[in-house]
Each structure stands twice: as C-alpha cells, then as structure tokens.
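See structure below.
The values are calculated or read from the model by the stated rules, or taken from the named source; none is laboratory data. These figures come from a predicted structure and were not determined experimentally. Note: ideal-geometry Cβ built from the backbone for every residue, glycine included; neighbour counts use all protein chains shown. Each accessible area value is taken on the protein alone, full model and side chains, heavy atoms only, with ligands, DNA and RNA left out. Shrake-Rupley method; radii C 1.70, N 1.55, O 1.52, S 1.80 Å.
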Amino acid sequence: MTLRPDLNLIAHLVPGSSRVLDLGCGDGSLLHHLISDHDCTGTGVEIDPDLVLTAIMAGIPVMELDLDADLGLFATGSFDTVVLSRTIQTIRQPELVLREMARIGSRLIVSAPNFGLLQHRLMLLRGHMPISRELPYSWYDTPNLRFTTLVDLEDLFAKLGLVIDQRVNLSLTGEPLGKGFRAANLRAGAAVYVLSQQ
C-alpha cells in the first residue's frame, strides 16, 4: 500500500514499537505501514463497511465502530498513540472524540484540512463554497460536517487541556512546509498536530 504524503509524515511521528489506535483508518494503509515497517501493533476503527472489509482483507485489525458513540469500548491508557487523520471534520462530536482520545492514549496525532486557507476565503467572497484538494466535495455531497480553521482547532485543543508538542503545516499537495513558514492559517492547506495532555 502506498501512503499519502500526510500519512507518511504521520508514520514518522509515531514512535517505533508503539501500540497505535487509528481512528477513521480508511483502508488501513497507515496501520499496515506502521505494523510492517515500524514494529508497531495496532487497531483501526472505521465506520465504512467497504473500507473495513478492504483493511481486513489486507490483514489489518480493524473494528467497524462509530467514533461519536463507541470509543468508550477502549480502556483508559490502552494505546500509546491515537491517530485521527483527516477525520475530525466528519464527526458530530469532535470535542468528545478528542477527550476520549486523550483518555485512551498519551500521544495524540490529529490532522485536519484548513478551511481558513486564503483560496477558500476568496471562493467564499465570490459567493461559492470552497472546493479544493483538501475540501474536494461540493456542498451538497460532502462528508464533512465541521469546517475549522487552524486557529479554531488550536483553541479547541487549549480548551481541552491538550498541549501542541508539534505542528507541521502542509502544502496543498500534502507536503510538509518549512519551519520558517508564516501565516499558516491563511497559507497552509492542512496541518498535522502531535498533542499531549497538560
């Protein structure tokens, strides 16, 4: 399985030999890579039955669960790292899910598209909902329920007592941007966060 650029970055942010819970794992490609190349163990959670079947057929341990309702099934501290990649915008209760993630694991990795991207703002000024590589759907067929800027997302992290240990801004193609990158809320297509509890 070939990893998207953002998933490749996330794989390098997960310490080797970690116990990983991948929420919204899709076809399980990240977990497959972590298990085969980083000596990790892990479980995926996905709500789409077709993606669950794809992951299981590839030998990836995946459970078909609803992130908004079923994370209580996981014991406190049962994983080292909990990943939520490009999924926070599709769930109904992001605050609850982040709290549960912090209960389940000590290291959280969250990535999200940036609705505050300058190109998105310009589309809104022209009277249209944004469509881009990060938000590729029309308003009437999008799986996204929440639209956040990086500033708003970071405010939610602070409210929940989550510390940003690292933020990697991503270009519109999913590649990491340099450390000297400025005005991320206007210029980054997405960001990956490594979080811990205060």
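In region 1-109, which trypsin sites (Lys or Arg not before Pro) fall in coil by DSSP and have 15 or fewer other Cβ atoms within 10 Å?
Values: sites: R19, R86, R92, R99, R103, R107; in loops: R86, R92.
Filter output for region 1-109: R92.
Percent antiparallel among DSSP beta bridges with both residues in the chain, to the nearest 5? Let's see the in-between values first.
On the way: 15 of 33 bridges.
Once the DSSP bridges in the chain are tallied, antiparallel ones form about 45 percent.
Could you state the per residue volume, in Å³, of the convex hull enclosing the Cα atoms of region 93-198?
Here the figure is 104 Å³ per residue.
Carbon and sulfur together cover what percent of the accessible area of region 70-115 at a 1.4 Å probe radius? Mind showing how you got there, number by number?
Values: 810 of 1600 Å².
Carbon and sulfur together cover 50 percent of it.
Can you pull the one-decimal nm distance between simple spin-label points at Q198 and R121, each 7 Å off the Cα toward Cβ?
Simple spin-label model gives 2.9 nm for this pair.
Taking θ as phi - 60°, what are the ³J(HN,Hα) couplings along region 82-89 by the Karplus curve (6.51, -1.76, 1.60), each to the nearest whole Hz, with x for Gly and Pro?
After applying 6.51 cos²θ - 1.76 cosθ + 1.60, I find 10, 10, 9, 9, 6, 10, 4, 6 Hz.
Any chance you could tell me what percent of the C-alpha pair distances in region 1-124 go past 21 Å?
Numbers: 2800 of 7626 pairs.
Across region 1-124, Cα pairs with separations above 21 Å total 37 percent.
May I ask which residue of P15, P61, L118 lies farthest towards the positive end of the charge dipole of region 1-153, with charges of +1 (Lys, Arg) and -1 (Asp, Glu) on Cβ and the Cα centre as origin?
Of the options given, the answer is L118.
Could you size up the charge dipole of region 99-198 around its Cα centre, putting +1 on the beta carbon of Lys and Arg and -1 on that of Asp and Glu, and report it in debye to the nearest 20? Could you put the intermediate results ahead of the total?
Numbers: 12 positive and 8 negative charges, 34 e Å.
Taking the Cα centre of region 99-198 as origin, the dipole is about 160 debye.
Stokes-Einstein at 25 °C, 0.890 mPa s, Kirkwood radius from Cα pairs: D for region 55-143 in µm² s⁻¹? Please list the in-between numbers first.
Working: Rh = 15.3 Å.
In µm²/s, the coefficient is 161.
Dipole size in debye (nearest 20) for the chain around its Cα centre, Lys and Arg Cβ +1, Asp and Glu Cβ -1? Can you show the working numbers first?
On the way: 16 positive and 22 negative charges, 180 e Å.
Charge dipole, the chain, about its Cα centre: 860 debye, nearest 20.
With a 1.4 Å probe and all protein chains left in place, how much of the accessible area of region 17-64 comes from carbon and sulfur atoms, in whole percent? If you can, show how the numbers build up before the last one.
Values: 1180 of 2130 Å².
Answer for region 17-64: carbon and sulfur cover 55 percent of the accessible area.
Counting only residues 5 or more places away or on other chains, whose amide H sits under 5 Å from the amide H of L172 once H atoms are built in the peptide plane?
Here the answer is G189, since their amide H atoms fall under 5 Å of that of L172.
Can you tell me the accessible area per residue over the chain, all protein chains present, probe 1.4 angstrom, in square angstrom?
Numbers: 9680 Å² over 198 residues.
Computed with neighbouring chains in place, this is 49 Å² per residue.
Run the helix sum for the chain: -39,500 (n - 2.57) per DSSP H stretch of 4+ residues, divided by residue count, reported at 222 nm to the nearest 500 deg cm²/dmol. Before the final figure, lay out the partial values.
Details: 8 runs with 64 residues, N = 198.
For the chain, the value works out to -8500 deg cm²/dmol.
For region 147-198, with only Lys/Arg (+1) and Asp/Glu (-1) charged at the beta-carbon, what is the dipole magnitude about the Cα centre, in debye rounded to 20? Walk me through the numbers on the way to the answer.
Numbers: 5 positive and 5 negative charges, 32 e Å.
Here region 147-198 has a charge dipole of around 160 debye.
Set the Förster distance to 35 Å, then compute FRET efficiency between K179 and S78 from the Cβ-Cβ distance, nearest 0.05.
Between K179 and S78 the formula returns 0.55.
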